[in-house]
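A.B. asks: Would you mind keeping the following structure in view while I ask a few things?
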Amino acid sequence: MFRIRKGDRVKILSGKDKGKIGKVLRVIVSKKRVVVEGANIVKKHMRKRSEAEPGGIREIPASVHISNVSLFCPNCNNQTKFITRILEDKSKIRVCKKCGKPI
Ligand SMILES: [Zn+2]
């Protein structure tokens, strides 16, 4: 089950950005990878395409494997496990296992 969604706040668990917290910008379900804001930044050499897109070095976040990130609860200020709760109207919300607040 793919538990992390776009817009979630996650903590990086390994690699050079270990401990960083960022927002999930993109989820690549087929590869089980996520792109996290400010994490795993790589420098890419871009070729000049047009006046609006000049060439040069651009810093972009590369994807990290889902096992290397953990959901982060801003309320507990820590990485956390969460549970899915089904509301009366059948909609699902995810809540922090520790503090019970929705993520
Ligand atoms: Zn919490």
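The values are calculated or read from the model by the stated rules, or taken from the named source; none is laboratory data. Note that the structure is predicted; figures quoted are calculated from it, not measured. In this analysis, Cβ positions are derived from the backbone assuming ideal geometry, glycine residues included, and neighbour counts consider all displayed protein chains.
A.B. asks: Would you check which residues across segment 63-103 are surrounded by 11 or more Cβ atoms within 10 Å (Cβ to Cβ) and away from the ligand (no atom under 16 Å from the Cβ) and list them?
C.D. replies: S63, V64, H65, I66, N68, V69 - these are the residues of segment 63-103 that are surrounded by 11 or more Cβ atoms within 10 Å (Cβ to Cβ) and away from the ligand (no atom under 16 Å from the Cβ).
A.B. asks: Kindly establish whether A52 is surrounded by 17 or more Cβ atoms within 10 Å (Cβ to Cβ), small (G, A, S) and in a loop (DSSP other than H, G, I, E, B).
C.D. replies: Working: surrounded by 17 or more Cβ atoms within 10 Å (Cβ to Cβ): no; small (G, A, S): yes; in a loop (DSSP other than H, G, I, E, B): yes.
So A52 fails the test.
A.B. asks: Test V27 against the criterion of being touching a helix residue (DSSP H, G or I) at 6+ places or on another chain (Cβ under 9 Å), part of a strand (DSSP E or B) and surrounded by 15 or more Cβ atoms within 10 Å (Cβ to Cβ), and give yes or no. Steps first, answer last, please.
C.D. replies: Numbers: touching a helix residue (DSSP H, G or I) at 6+ places or on another chain (Cβ under 9 Å): yes; part of a strand (DSSP E or B): yes; surrounded by 15 or more Cβ atoms within 10 Å (Cβ to Cβ): yes.
Against the criterion (touching a helix residue (DSSP H, G or I) at 6+ places or on another chain (Cβ under 9 Å), part of a strand (DSSP E or B) and surrounded by 15 or more Cβ atoms within 10 Å (Cβ to Cβ)), V27 qualifies.
A.B. asks: Okay, next question. Please work out if I60 is without any contact (Cβ under 8 Å) to a residue 24 or more places away in the chain, away from the ligand (no atom under 16 Å from the Cβ) and either out of contact with any helix residue (DSSP H, G or I) (no Cβ under 9 Å at 6 or more places or on another chain) or not small (G, A, S) (or both). Explain how you work it out, then say what you get.
C.D. replies: Working: without any contact (Cβ under 8 Å) to a residue 24 or more places away in the chain: yes; away from the ligand (no atom under 16 Å from the Cβ): yes; either out of contact with any helix residue (DSSP H, G or I) (no Cβ under 9 Å at 6 or more places or on another chain) or not small (G, A, S) (or both): yes.
Judged against the criteria, I60 is a match.
A.B. asks: Could you give every pair whose Cβ atoms fall below 7 Å, whose first residue belongs to segment 89-103 and is within 10 Å of C76 (Cβ to Cβ), and whose second residue is more than 8 Å from the ligand (Cβ to nearest atom) and among the charged types (D, E, K, R), counting only separations of at least 6 or pairs across chains?
C.D. replies: K97/K81
A.B. asks: Which of (1) touching a Leu at 6+ places or on another chain (Cβ under 7 Å); (2) of a type in the set (A, V, I, L, M, F, W, C); (3) modelled with pLDDT under 90 is the odd one out, the single condition V10 does not satisfy?
C.D. replies: All conditions are met except number (3).
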